[in-house]
Amino acid sequence: MPEIKSKKILAALHECQPYQGGHNDPLWLLRVLNNIDKHRLMLVVVCVLDTDSMWWSSPITPPPDVTIRTGILEQGQPIGCIDFHGLQPPPEFDAHPSFSIAIDEAEAPMISAEPFDGILEQLCRHVEIDIIEQRFRPMFS
């Protein structure tokens, strides 16, 4: 291992350790996800229907209830239902459902049911901007 003599570099390395920021720190979360990935076959992933951002093409009051079947489906079975509370949907109705992938991990509950692509983007941005650009790049010409 190369010996690091610069006190600035050593301080920056110490500040960037995952245990420094606690459970809300992006590096702590990366450490948790890395440990899960190293010690298990796969992360637990769920498909989430984002009903909050569904576009109904017109205001509908009250908004319809959306249910999704979970588990194994048989050929031809519907995957879900949109209930308009006994009313007919408006003629221009077009639900445009939005699905995303989320991690359901007991060790990382702060990201449970959050779209995983957004979480990964935030973690990458944190490492790139907060760690590399702001802490380390200024120390090197």
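Computed values, structure above
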read-out	value
Solvent-accessible surface (1.4 angstrom probe) belonging to Leu73, in square angstrom, nearest 10	60
Nearest-10 value in Å² for the accessible area of Phe84, using the 1.4 Å probe	20
R0 of 22 Å, Cβ-Cβ distance Phe136-Glu3: FRET efficiency to nearest 0.05	0.80
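The values are calculated or read from the model by the stated rules, or taken from the named source; none is laboratory data. This is a predicted model, so every value here is computed, not measured. All Cβ positions, glycine included, derive from the backbone under ideal geometry; neighbour counts span all protein chains shown. These area figures cover heavy atoms from the full protein model, side chains too; ligands, DNA and RNA do not enter into them. Shrake-Rupley method; radii C 1.70, N 1.55, O 1.52, S 1.80 Å.
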